[in-house]
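Some notes on the structure that comes next.
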Amino acid sequence: GALVKLKESGSPVEFYVAKHDYESELNGAGRTLLVRKDCYDSRQWNSVNENAYGASSVDIWLNNGYMDLLDPKVKDEIATTKIRYTIGNGSSALGNLDRSAFLLSMTELGKSHDYANVEGSALPIASTLQIAYLNGSPTAQWTRSPNTNHRYGAWGLGAHGEISDGSGCTNLFGSRPCFTLPSTILVNEDGLIE
């Protein structure tokens, strides 16, 4: 739940320290999950109404456009993290993805639904993360969890932390990048990771 800062495009931005040893059975010990305190922007989960996270617009942006905003030294420490996810687009099968940056799952945000798979476990600060902000105002945020009842919707949380099916992947919800760093990384006296 502590806050640290990382530079995006040269400016410090706050991130929650959300979990030490994140998904240690997949990634081994020593990786700490950081979650951006506020959403980066509002964007589509996918440019078409297909809910396969592994090929979605938001997944591509997180691992290409967003990663390029980070300080190169921090980016080098991020590497890739194995995450649990639902394949989607008609398949409710669970799998693992290797990603540098990703969205949280419904489960990690402490929520559940009959049409959402269990992907990982609830984070210790899930209740803190359920309400997201963009430009100072509460906003809806996407998760990486597809609606397993159909091919076109993904799950999000509304501005008050309530479950929302997004009504389709092409809607605009907040994007909240997450990634892991080694637990040995140092933070300076201003809370900045360099």
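Among the trypsin sites (Lys or Arg not before Pro) found in the range 26-78, not one is both in a DSSP coil and sparsely packed, with 14 or fewer other Cβ atoms within 10 Å of its Cβ.
Each of S121 and L3 was given a label point 7 Å from its Cα along the Cα-to-Cβ line. The distance between the two points is 2.8 nm. Label 7 Å along Cα→Cβ of S91; the range 113-132 residues with amide nitrogen under 17 Å? Answer for this model: 117-119.
Nearest-5 percent of antiparallel DSSP beta bridges in the chain?
Working: 37 of 39 bridges.
So the antiparallel bridges amount to about 95 percent of the total.
Surface exposure of the range 42-96, expressed per residue as accessible area with a 1.4 Å probe, stands at 46 Å². Over the chain, DSSP H runs of length four or greater, each weighted -39,500 (n - 2.57), average out per residue to a 222 nm ellipticity of -2000 deg cm²/dmol.
Where does the range 49-147 land on the Kirkwood hydrodynamic radius, alpha-carbon pairs, in angstrom? List each step's numbers first, then the result.
On the way: mean 1/r = 0.0688 Å⁻¹.
About 14.5 Å, per the Kirkwood formula over Cα pairs.
Remark on the chain: hydrodynamic radius 16.4 angstrom, per the Kirkwood mean of 1/r across alpha carbon pairs.
A straight chain from E189 to N135 at 0.36 nm per residue would run longer than the Cα-Cα distance by 16.8 nm. Restricted to Cα atoms, the range 1-75 shows a radius of gyration and a Dmax of 14.2, 37 angstrom. Please report the net charge: other residues with Cβ closer than 14 Å to the Cβ of C169, K and R +1, D and E -1. Around C169, the charge tally is 0.
Prolate is the label for the range 50-107, because the ratio a/c of its alpha-carbon gyration tensor axes (a ≥ b ≥ c) is 1.5 or higher and a/b is greater than b/c.
Using a Förster distance of 30 angstrom, determine the FRET efficiency expected from the C-beta separation of S24 and T128, and round it to 0.05. It would help to have the intermediate numbers written out before the result.
Numbers: r = 22 Å, r/R0 = 0.72.
Here the calculated transfer efficiency is 0.90.
The values are calculated or read from the model by the stated rules, or taken from the named source; none is laboratory data. All of these numbers come straight from a predicted model, not from anything done at the bench. Don't worry about glycine lacking a Cβ; one is built from the backbone with ideal geometry, like all the others, and counts go over all protein chains shown. Protein only, heavy atoms only, side chains kept; ligands, DNA and RNA dropped before computing areas. Shrake-Rupley method; radii C 1.70, N 1.55, O 1.52, S 1.80 Å.
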